[in-house]
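I have placed the structure first, in the form of structure tokens, so that the comments after it can refer back to it.
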Amino acid sequence: MKVLAIADRAPKESIRTILDREQNVDLICTLGDLDYFSLVELKDIHNIPKIGVYGNHCSGSYFEELGIKNMHLTTFEYKGLVFGGFEGSVRYKNDPYAPMYTQEEATDMLTDFPKVDVMLCHCPPFGINDEEEVAHQGFKALRDYIEKHKPNYLLHGHTYPSEKNLVTQYQETKIIYVFADKIANL
């Protein structure tokens with residue numbers, strides 16, 4: 001399955017240009033810290049399903065207008081794969097409008113989350129492409145989730161790993177880091 005994933009910055013070129021060049025994109029996934037204007041082209045794309053999670057800098061209000069299915073703590077089956085999602089980042093400041101959670105809150109939220117083939121999240125799992133500072137620290141609950149359920153893929157944005165430090169595999173799970181736009185073959 002060919003997926004166009006977008007995270008943290010507007011795509012490097014127009015979404016329509018990417019879709020015209022990359023034939024047969026099956027699914028579009030947004031991974032947060034984007035805004036309506038970065039994704040406005042999605043409003044006119046009706047032949048490709050669009051799913052996503054909000055990031056900690058998102059308004060939390062543009063998915064419906066752009067036809068994006070909110071994947072936070074829900075699942076979506078498409079072409080034989082089950083997708084799931086977890087929004088936001090580790091709470092590093094008090095902002096009631098930003099999707100941010102403590103490590104404990106994330107653990108509670110993911111405790112009974114079902115097994116999926118593909119996990120979409122804004123923030124990475126703890127110790128995987130994350131940083132020591134709390135604002136870019138990964139969720140321990142996501143790491144526990146992939147250790148227990150072993151999804152085939154986990155896609156994330158939020159952090160800025162160097163190419164030298166980029167983790168692309170953790171146990172049985174392929175880790176796909178996205179910044180701006182990336183075509184991923186699942």
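Which loop trypsin sites (Lys or Arg not before Pro) in the stretch 139-186, with loop taken from DSSP, have no more than 15 other Cβ atoms within 10 angstrom of their Cβ?
Counting only loop positions with at most 15 other Cβ atoms within 10 Å, the trypsin sites (Lys or Arg not before Pro) in the stretch 139-186 are Lys164.
With loop defined by DSSP as not H, G, I, E or B, and exposure as at most 15 other Cβ atoms within 10 Å, which is the longest segment of the chain clear of exposed chymotrypsin sites (Phe, Trp or Tyr not before Pro)?
So the longest stretch without any such site is 1-91.
Across the stretch 127-136, in residue order, what do the Karplus-derived ³J(HN,Hα) couplings come to in whole Hz, using 6.51 cos²θ - 1.76 cosθ + 1.60 with θ = phi - 60° and x for Gly and Pro?
Working through the residues one at a time gives x, 10, 6, 10, 10, 6, 4, 4, 4, 10 Hz.
Each label point is 7 Å from the Cα along the Cα-to-Cβ direction; what then is the distance between the points at Ile183 and Tyr160, in nm?
2.8 nm
Counting only protein heavy atoms, what percent of the accessible surface of the chain is carbon or sulfur at a 1.4 Å probe?
Of the solvent-accessible surface of the chain, carbon and sulfur hold 47 percent.
If I model a spin label at Asp20 and Gln103 as a point 7 Å from the Cα along the Cα→Cβ vector, what separation in nanometres do I get?
Label at Asp20, label at Gln103, 4.9 nm between them.
Apply the Debye scattering formula to the stretch 130-173, with a single equal point scatterer on each alpha-carbon and no solvent, then give log10 I(q)/I(0) at q = 0.29 Å⁻¹.
-1.21
So what are the ³J(HN,Hα) numbers for the stretch 177-184, from phi and the Karplus equation (6.51, -1.76, 1.60; θ = phi - 60°), rounded to whole Hz, Gly and Pro as x?
8, 10, 9, 6, 9, 8, 8, 10
Nearest 10 degrees, 0 to 90: what angle lies between the long axis of helix 140-149 and the longest principal axis of the chain (Cα atoms)?
Tilt of helix 140-149: around 70 degrees.
So for the chain, considering every pair of alpha-carbon atoms, how many percent are separated by more than 31 Å?
9 percent
Mind listing which GluC sites (Glu not before Pro) in the stretch 94-158 are in a DSSP loop and have 14 or fewer other Cβ atoms within 10 Å? Intermediate results must be reported in sequence, preceding the final value.
Working: sites: Glu104, Glu105, Glu131, Glu132, Glu133, Glu147; in loops: Glu131, Glu132, Glu133.
Those satisfying the criteria are Glu132, Glu133.
Please report, in whole Å³, the volume per residue of the convex hull around the C-alpha atoms of the stretch 1-77.
Once divided by residue count, the hull of the stretch 1-77 is 87 Å³.
The values are calculated or read from the model by the stated rules, or taken from the named source; none is laboratory data. None of these values were measured; they are calculated from a predicted model. Note that we place each Cβ from the backbone using ideal geometry, even for glycine, and neighbour counts take in every protein chain shown. Please note that ligands, DNA and RNA were not included when accessible areas were found on the heavy atoms of the full protein model with its side chains. Shrake-Rupley method; radii C 1.70, N 1.55, O 1.52, S 1.80 Å.
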